[in-house]
Amino acid sequence: MGLLTGKTALITGAARGIGKAIALKFAAEGANIAFTDLVLNDDMAAGLEATRKEIEAVGVTCRAYAGNAADFEQTEATVKQVKEDFGGIDILVNNAGITKDGLMLRMTEKQWDDVINVNLKSAFNFVHACVPVMMRQRGGSIINMASVGVHGNAGQANYAASKAGLIALAKSIAQEMGPKGIRANAIAPGFIETAMTAALPDEVREEWKKKIPLRRGGQVDDIANVATFLASDMSSYITGQVIQVDGGMNM
């Protein structure tokens, strides 16, 4: 039996990158997987279906749900459908996120609003919809992906603010929902090797690595492993915490 056998995990923004890695790791540990992502064109729809098939091939039940995580009503409908399809929700990973970088004085209102809505409001939406389900089950684990919210980052005021909000959200949920057996924690990834970071110029990547004591970028599985720990009963006495997975970049 795996660490998550018999559990159902709902992961947002999981068609690719870190979210997909978490979904695959959870599946390998026995969890049934529900995941969401935004679908705006045929290529994105194909990516959603390809990820679903890849997860299902692990040997668990997997269903994909297309939708805008920043839309409150869509989220309510999605969570209702997930509950009907799986019978319950034991784990929620708020991973959906975008970047629209720019220096503060050049940042537009739309850049700010778009990032806050997708990164932070979406987490509120899914927590709001999932917590009643978890309360009826007398327990659950919520994991927020916090990134640079621990320390901020020049040129990413919107992104950093949204991720700092995810940390405070996790801590608030931990305090409110602890008596109901619901835990909430955050993971703060550092420089992780993904398609997004691969697109950065080599000189930028090398500068990042110089700031990391382990002198390398992290892998998506490094994040997935910590998420699995927080989702499992191995972390049953851990709540309201932020775990930095960054090779020592921020101490």
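First check a/c for the chain, with a ≥ b ≥ c the square roots of the eigenvalues of its C-alpha gyration tensor; if it is under 1.5, answer rounded, and if not, answer prolate when a/b is larger than b/c or oblate otherwise. Rounded shape, in that the Cα axes give a/c under 1.5. Couplings 3J(HN,Hα) of segment 73-88, computed from phi: 5, 4, 5, 4, 5, 5, 5, 4, 5, 4, 4, 5, 6, 10, x, x Hz, in residue order, whole Hz [Karplus 6.51 cos²θ - 1.76 cosθ + 1.60, θ = phi - 60°; x for Gly and Pro].
Between R63 and M104, the FRET efficiency from the beta-carbon distance, with R0 = 41 Å, is close to 0.50. Taken about its Cα centre, the chain carries a charge dipole of about 640 debye when Lys and Arg each add +1 at the Cβ and Asp and Glu each add -1 at the Cβ.
Expressed as a rounded percentage, what relative contact order does the chain have, with Cα pairs under 8 Å and six or more residues apart? Result for the chain is 19 percent. If a/c stays under 1.5 just call it rounded; otherwise compare a/b with b/c (prolate if a/b is bigger, oblate if not). Do that for segment 26-140, with a ≥ b ≥ c from the square roots of the Cα gyration tensor eigenvalues. Oblate shape, in that a/c is at least 1.5 and b/c is the bigger or equal ratio. Expressed as a whole percent, the accessible area of the chain that falls on carbon and sulfur atoms is 54 (1.4 Å probe).
Highest-first packing order for the peptide set 81-87, 239-245 is 239-245, 81-87, based on the mean count of other beta carbon atoms within 10 Å. Shape call for segment 87-184 from the C-alpha gyration tensor, a ≥ b ≥ c root eigenvalues: rounded (a/c under 1.5), prolate (a/b greater than b/c) or oblate? Cα axes put segment 87-184 in the prolate bin.
The C-alpha atoms of the chain define a longest principal axis, and helix 122-137 lies at about 30 degrees to it. Under a 5 Å amide H cut-off, with hydrogens placed 1.01 Å from N, V242 pairs with A186 among residues at least 5 apart or on other chains.
By the rule of a C-alpha distance below 20 Å, with chain neighbours fewer than 8 residues away ignored, the aspartates and glutamates paired with K80 are D37, D71, D90. Accessible surface calculations at 1.4 Å, restricted to protein heavy atoms, place the chain at 47 Å² per residue.
With 24 Å as the limit, the listed pairs K7/K53; K100/K121; K53/K209; K20/K100; K121/K171; K100/K171 have K53/K209; K100/K171 beyond it between alpha carbons. Helix 17-28 and the longest principal axis of the C-alpha atoms of the chain enclose an angle of approximately 30°. What's the center-to-center distance, using Cα atoms, between segment 121-190 and segment 69-87 in Å? Using only Cα atoms to place each centre, the spacing works out to 18 Å.
The values are calculated or read from the model by the stated rules, or taken from the named source; none is laboratory data. No experiment lies behind these values; they were computed from the predicted model shown. Ideal geometry is used to build each Cβ from the backbone, glycine not excepted, and the neighbour counts take in all protein chains shown. What goes into the accessible areas is simple: the full protein's heavy atoms, side chains included, and nothing from ligands, DNA or RNA. Shrake-Rupley method; radii C 1.70, N 1.55, O 1.52, S 1.80 Å.
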